[in-house]
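The values are calculated or read from the model by the stated rules, or taken from the named source; none is laboratory data. Treat the numbers as computed from the prediction; the structure is a model and nothing was measured. Ideal geometry is used to build each Cβ from the backbone, glycine not excepted, and the neighbour counts take in all protein chains shown.
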Amino acid sequence: MSCLPSAISPQPSGIFAGVSRKPSVMKIVNLEGGMPTVEQARLLLEHELQKARDQGYKAVKIIHGYGSSGVGGALRTGLQATLRSAEQSGDIKAVIYGENWRVSDERAWELLKRYPEWKADSDLGRGNQGISIVVL
């Protein structure tokens, strides 16, 4: 039986464990265009997430908008509920809402350590409640 040399440290654990060895592009999907209903946007979300998986993306930035009411629209709240359920059921690894997409957020920071190229994302640190980052 062989043992690992003591110089080899164990791999980090968690959803975002490991380091990306090659740059990874985050797919961007705009779901607010054309003013869809919540149900239409949910169907499009499911389709786009599956397409992103098939294309090998690690994450998708969903643009759902904040809503014209000033308190968060139906599209935003409906899609975030769908994403929350998908995360709980294991269909997606994680969702980071735009207001948490910043280096001071623990989950976002773990993701950014793995994919440092995403630090250049224009929405990082802006508190943009009109987006959600989905980790596949």
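Before moving on, here are some points about what is shown:
- Condition check for LYS58: charged (D, E, K, R), within 13 Å of the chain's Cα centre (by Cα) and either modelled with pLDDT under 95 or surrounded by 12 or more Cβ atoms within 10 Å (Cβ to Cβ) (or both): yes
- Residue selected from the range 23-43 under the condition in contact (Cβ under 8 Å) with a residue 24 or more places away in the chain and part of a loop (DSSP other than H, G, I, E, B), by the criterion surrounded by the fewest Cβ atoms within 10 Å (Cβ to Cβ): PRO23
- Residue count, the range 84-136 (criterion: over 22 Å from GLY67 (Cβ atoms) and of a type in the set (S, T, N, Q)): 3
- Counting residues in the range 102-124 that are touching an Asp or Glu at 6+ places or on another chain (Cβ under 8 Å) and part of a loop (DSSP other than H, G, I, E, B) gives zero.
- Enumeration of residues in the range 117-130 that are more than 28 Å from MET35 (Cβ to Cβ) and surrounded by 13 or more Cβ atoms within 10 Å (Cβ to Cβ): GLU117, TRP118, GLY125
Residues checked against (1) surrounded by fewer than 18 Cβ atoms within 10 Å (Cβ to Cβ); (2) basic (Lys, Arg); (3) under 20 Å from VAL25 (Cβ atoms):
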residue	(1), (2), (3)
ILE96	no, no, yes
SER104	yes, no, no
LYS113	yes, yes, yes
SER132	no, no, yes
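- Residue satisfying condition, being modelled with pLDDT under 95 and within 24 Å of SER122 (Cα to Cα), within set GLY14, GLY70, GLY98: GLY70
- In this structure, GLN129 does not qualify as part of a helix (DSSP H, G or I) and either in contact with a strand residue (DSSP E or B) (Cβ under 8 Å, 6 or more places away or on another chain) or of a type outside the set (Val, Ile, Thr) (or both).
- Test: residue in the range 88-95 that is assigned to a helix (DSSP H, G or I), on the phi < 0 side of the Ramachandran plot and touching a residue at least 40 places away in the same chain (Cβ under 8 Å): no
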